[in-house]
Ligand code: LLP
């Protein structure tokens, strides 16, 4: 469910017509619905209400401070993967005791920062990382709480670039090695083992991969406890998919029920790291058609948004629905492309679309997750503004970059010949 809908033929975000935002801030821009975000978060929290739980929003998905602050203000914690994300999370008011830190390549300075901030736990992805965390913890005089991220070797049946829980992926510690590595971690004096973690992939549209992974983790928790480990947290990662077109992923309530059925009786605090399911359908990218062009074989709609603004179609071949801001039937087939000098620069390919003309506005739907955040300045394009809507009110929560922003931090050395 989301709050982008037509009212009298005009696409609105909550009560604000997107065309009026376009007139105020120019195009392209991202627009987020506050109500969609908060209702998704509360559906997720409700799904886990029967058990002790912590919902840690995955900051990599959308790390705008206003979005983070909205979610943290409603009880969410944060799943982070870098010092930069920790900085953002703290700035947006996250409770450090609700922050979990994942990622295969944590640097010493990042580990130190997280220890000093007093985060809940590190999700450790390799034996050497545990040794490094131990050393840094010793230096700063802290005890680092850790879970080992287990790679359960389960196929999440999603795009190969976003599968993370298979043997061939770089993530986590192979389940067959888990016990050995837990015993090893126990010998480290500045580390306390408190949990088990896993994350098998993203945009997962079936329950079975989650259930299969959880069965393996459950067995591991029993084994660890029989060896005296005090396993208090079970972090099951994120990954629940959303409808981009005709997918029918499980609802948060169904997902919650399946998880609780599988592992609810372990008595662990269930940590979840949802991202896409909270923010994906809470945001759109609004753009304007610049030109139409009849190619030899195809019709092109050339617009002012490009792969630097939303890379998912180019990178994964992802489908994003395209909706005209003024409701119209889909009467043409065309490629919707951006101005970037690459043939991979498209938002939609061979798509049935409304017969948009130069100047017409449209929204790229379901762009709230991995949208703005994966943007870049490629082709020296300024990054676009982000707007947050709540009811009939709205705010620019990130300004459009300027040409000065593009060269900030660059210098031409005087000595350069
Ligand atoms: N936890 C960990 C450890 C993760 O690596 C991820 C996502 C999440 C949680 C959140 O997963 P979600 O609930 O959003 O599925 N850029 C790709 C997706 C990459 C996913 C990376 N990890 C895309 O645009 O589809």
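The values are calculated or read from the model by the stated rules, or taken from the named source; none is laboratory data. Remember, predicted model here, so these are calculated numbers, not experimental data. Virtual Cβ from ideal backbone geometry, glycine too; neighbours counted across all protein chains shown.
Assorted remarks:
- Strands (runs of 3 or more DSSP E) enclosed by segment 1-76 - at least 2 residues per element that are under 20 Å from the mean Cα position of the chain (by Cα) and modelled with pLDDT of 95 or more: 29-33, 53-58
- Complete set of residues in segment 257-288 that are at negative phi, surrounded by fewer than 21 Cβ atoms within 10 Å (Cβ to Cβ) and more than 16 Å from the ligand (Cβ to nearest atom): 257, 260, 261, 262, 264, 265, 266, 269, 288
- Scanning segment 155-171 for residues that are away from the ligand (no atom under 13 Å from the Cβ) and in contact with a strand residue (DSSP E or B) (Cβ under 9 Å, 6 or more places away or on another chain), we see that the one that is nearest to residue 240 (Cα to Cα) is 157.
- Here the condition is being part of a loop (DSSP other than H, G, I, E, B) and away from the ligand (no atom under 15 Å from the Cβ); of 94, 130, it holds for 94 alone.
- Selected residue [out of contact with any helix residue (DSSP H, G or I) (no Cβ under 8 Å at 6 or more places or on another chain), closer than 24 Å to residue 383 by Cβ and away from the ligand (no atom under 15 Å from the Cβ)] from 322, 340: 322
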